[in-house]
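Input: a single structure, listed below in structure tokens.
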Amino acid sequence: MRNILSARVRNKHILFRADYNVPIKNGTVTNDKRIRATIPTLKKLLARGATLVIASHLGRPEGKKRAEFSLAPVARRLEKLLGKKVEFLPDCTGSAIERAVATSKNRIILLENLRFHPEEEHNDAHFAKQLARLANIYCNDAFGVSHRAHASVHAITRHLPSFAGPLLLNEITMLSALKKPKRPFIAVLGGAKVSDKIQLIEQLSKKADAVLIGGAMMFTFLAAAGNETGTSKTEKDYVPLARKLLRTKKINIPTDVVLDNKKTVSVHALPKNRAGLDIGPETRELYSAIIARAKTVFWNGPLGLFEKKPFDAGTLAIARAIAHGKKVSIIGGGDSVAAIEKLGLAKKFTHLSTGGGAALEFIEGKTLPGIAALHKNKPKRADKRA
Ligand code: ADP
Ligand code: MG
């Protein structure tokens with residue numbers, strides 16, 4: 001994969017695939033972290049004489065033009081952060097857009113939401129070709145969508161010399177640290193469901209020295225170990241799989257839980273009419289002691305219902321344990337990263353992946369279509385044109 005920052009970009013139009021899928025309320029961006037992250041790269045490329053044609057998706061408009069999913073608020077925020085005019089175009093393909101882009105030189109253009117066209121998610125070849133008409137070079141800096149074969153990350157690479165952006169390359173470097181981890185390597189897995197994360201749990205129970213289970217998914221494991229789980233979120237269909245995983249001896253399950261009435265009980269004494277919402281204090285200590293010996297930690301999924309006090313205590317305790325001392329700490333998953341930011345601990349970790357599902361698939365060892373496509377795009381052809 002070639003870095004866009006090593007490409008010759010003077011007088012070139014770059015179709016820059018960014019991940020500007022940011023939260024918006026009443027027409028204002030409420031968290032601009034993802035926009036900020038791209039600013040240094042955009043500035044460098046502009047300084048080198050490129051024209052930036054930025055493309056992104058926002059939310060799930062399902063192939064229809066819907067005002068609440070417009071990228072217009074992103075254009076305004078981008079303009080502020082760059083301190084430069086950003087031309088916002090009301091679509092991403094078509095002859096009017098092609099004309100507007102062609103007459104622009106050394107400027108910044110933001111195209112309207114790619115997902116207003118159903119062809120984007122269908123990886124449509126014709127749509128990709130139309131996008132390609134807007135530029136001479138393509139750059140993917142949207143790691144978070146690279147696990148999808150969508151036109152703007154996959155089909156597009158057949159039509160333009162293709163490069164990787166620094167954010168995407170950094171994600172790959174950071175997450176690759178888990179391929180040959182310094183040991184002990186401990187995985188902490190929580191979050192909503194076993195069914196969401198089967199492959200992740202299976203992979204990590206092979207690779208890690210120990211897997212610590214928390215979150216709602218702990219109840220499927222606790223049931224597999226023969227415990228009553230009351231009204232806690234338990235996935236009955238996944239109990240046999242959990243039982244099989246427990247036999248690997250790598251999986252650690254909680255010894256106590258905090259109930260919805262805020263009382264702590266042993267996992268052997270969970271009442272039928274109660275739900276568990278967090279790992280208990282004894283479990284926090286046991287897990288923290290294991291984490292203290294780790295050289296590498298991967299964490300995905302809050303340990304409890306962290307959005308609601310006091311059920312954030314387990315997540316907070318584990319976050320502190322991971323942040324403490326010298327170790328490589330990699331956090332993945334949308335809610336996990338949000339939990340850490342809410343707790344004000346973001347700076348304490350080696351890497352917070354913005355990748356969400358893409359990061360989890362990468363760690364599971366899957367091939368990500370968007371990244372595979374960048375590998376395939378041959379340098380020879382690129383050098384001729386770029
Ligand atoms: P991520 O997005 O980091 O991969 P998930 O989406 O799998 O994480 O799970 C996050 C959600 O799981 C959070 O909303 C959290 O409140 C919920 N959760 C964690 N533990 C429990 C629990 N014991 N009961 C109910 N919900 C829980
Ligand atoms: Mg989530």
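Mind listing whichever residues of the stretch 66-83 are over 17 Å from Asn26 (Cβ atoms) and among the aromatic types (Phe, Trp, Tyr)? None - no residue of the stretch 66-83 is over 17 Å from Asn26 (Cβ atoms) and among the aromatic types (Phe, Trp, Tyr), so the list stays empty.
From the list Glu120, Glu112, which one is touching a residue at least 12 places away in the same chain (Cβ under 8 Å), within 18 Å of Val29 (Cβ to Cβ), open to solvent by less than 30 Å² (accessible area, probe 1.4 Å) and among the charged types (D, E, K, R)?
Glu112
Just one of the listed residues (Ala321, Ala317, Ala275) is out of contact with any Gly (no Cβ under 9 Å at 6 or more places or on another chain), within 15 Å of ligand 1 (Cβ to nearest atom) and at pLDDT 95 or above, namely Ala317.
Residue count for the stretch 202-254, restricted to those that are under 21 Å from Ile291 (Cβ atoms), under 25 Å from the mean Cα position of the chain (by Cα) and within 16 Å of ligand 1 (Cβ to nearest atom): 10.
Say whether the condition of being away from ligand 1 (no atom under 15 Å from the Cβ), of a type outside the set (A, V, I, L, M, F, W, C) and within 19 Å of Leu360 (Cα to Cα) is met by at least one residue in the stretch 185-201.
No, the stretch 185-201 contains no residue that is away from ligand 1 (no atom under 15 Å from the Cβ), of a type outside the set (A, V, I, L, M, F, W, C) and within 19 Å of Leu360 (Cα to Cα).
Residue pairs whose Cβ atoms lie under 6 Å apart, separated by 6 or more positions or on different chains, with the first residue in the stretch 9-24 and touching a residue at least 60 places away in the same chain (Cβ under 8 Å) and the second outside any loop (DSSP other than H, G, I, E, B) and among the hydroxyl-bearing types (Ser, Thr, Tyr), are His13/Thr51; Leu15/Tyr138; Ala18/Thr38. Taking helices (runs of 4 or more DSSP H) as the structural unit, those lying wholly within the stretch 274-346 and holding at least 2 residues that are closer than 16 Å to Asn252 by Cβ and away from ligand 2 (no atom under 16 Å from the Cβ) correspond to 281-292, 313-323. All of Val257, Val265, Val328, Val297 fail the test of being open to solvent by 10 Å² or more (accessible area, probe 1.4 Å) and within 16 Å of ligand 1 (Cβ to nearest atom), apart from Val265.
Can you tell me which residue within the stretch 197-223, out of those that are assigned to a loop (DSSP other than H, G, I, E, B) and open to solvent by 10 Å² or more (accessible area, probe 1.4 Å), is farthest from ligand 2 (Cβ to nearest atom)? Selected residue: Asp209. For residues that are among the polar types (S, T, N, Q) and open to solvent by 40 Å² or more (accessible area, probe 1.4 Å), scanning just the stretch 137-175, find the one that is farthest from Ile39 (Cα to Cα). Taking the candidates together, the pick is Thr173. Checking Ala373, Ala359 one by one, the residue that is among the small types (Gly, Ala, Ser), in a helix (DSSP H, G or I) and within 12 Å of ligand 1 (Cβ to nearest atom) is Ala359 and no other.
The values are calculated or read from the model by the stated rules, or taken from the named source; none is laboratory data. A quick note: this is a predicted structure, and the numbers were derived from the prediction, not measured. Backbone-built Cβ (ideal geometry, glycine too); neighbour counts: all protein chains shown. Each accessible area value is taken on the protein alone, full model and side chains, heavy atoms only, with ligands, DNA and RNA left out. Shrake-Rupley method; radii C 1.70, N 1.55, O 1.52, S 1.80 Å.
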